[in-house]
Amino acid sequence: MDSIVQDAVVAYRAELCARRAKADPEVTPAVLEKWTSRAKLAEKWAVLPGEEEIDSAVVIECNSRLTP
């Protein structure tokens, strides 16, 4: 896949992941303060329905978007 397209897909999916994570009722500002908590959230929400594997680039970008 072309790198420009791949970057756009990762950015889109990371934004979707971050929005889904922030909408999680269990997420509090304290959870978002810790890198490890954000990483777990990113791993949870980076996977789209029907997928089995986690895209590490999406997880990393999602985590950065969750940073307060």
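Quick note: the coordinates plus some simple rules give every number you see, no bench work behind them. Predicted, not measured: the structure shown is a model, and the values here were computed from it. Cβ placement follows ideal geometry from the backbone for every residue including glycine, while neighbour counts extend to all protein chains displayed.
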*What is the order of 2, 7, fewest Cβ neighbours within 10 Å to most?*
2, 7
*asked:* If I build a Gaussian network model for the chain, linking alpha-carbon pairs within less than 10 angstrom, which residue out of 57, 23, 42 has the largest mean-square fluctuation?
replied: 23
_At 1.567 mPa s and 4 °C, Stokes D of the range 3-66 from Kirkwood alpha-carbon radius, µm² per second_ = 111 µm²/s
*Per residue of the chain, what 222 nm ellipticity follows from adding -39500 (n - 2.57) for every DSSP H run with n ≥ 4, rounded to the nearest 500?*
-22500 deg cm²/dmol
*First select every other residue whose beta carbon is under 13 angstrom from the beta carbon of residue 42; then total the charges, Lys and Arg +1, Asp and Glu -1.*
+4
*Within the range 12-45, list the GluC sites (Glu not before Pro) lying in a DSSP loop whose Cβ has at most 10 other Cβ atoms in a 10 Å radius.*
26
*For 22, 34, what's the fewest-to-most ordering of other Cβ within 10 Å of each Cβ?*
34, 22
*Compute the FRET efficiency between residue 26 and residue 64 as 1/(1 + (r/R0)^6), taking r as their Cβ-Cβ distance and R0 = 25 Å, and round to the nearest 0.05.*
0.75
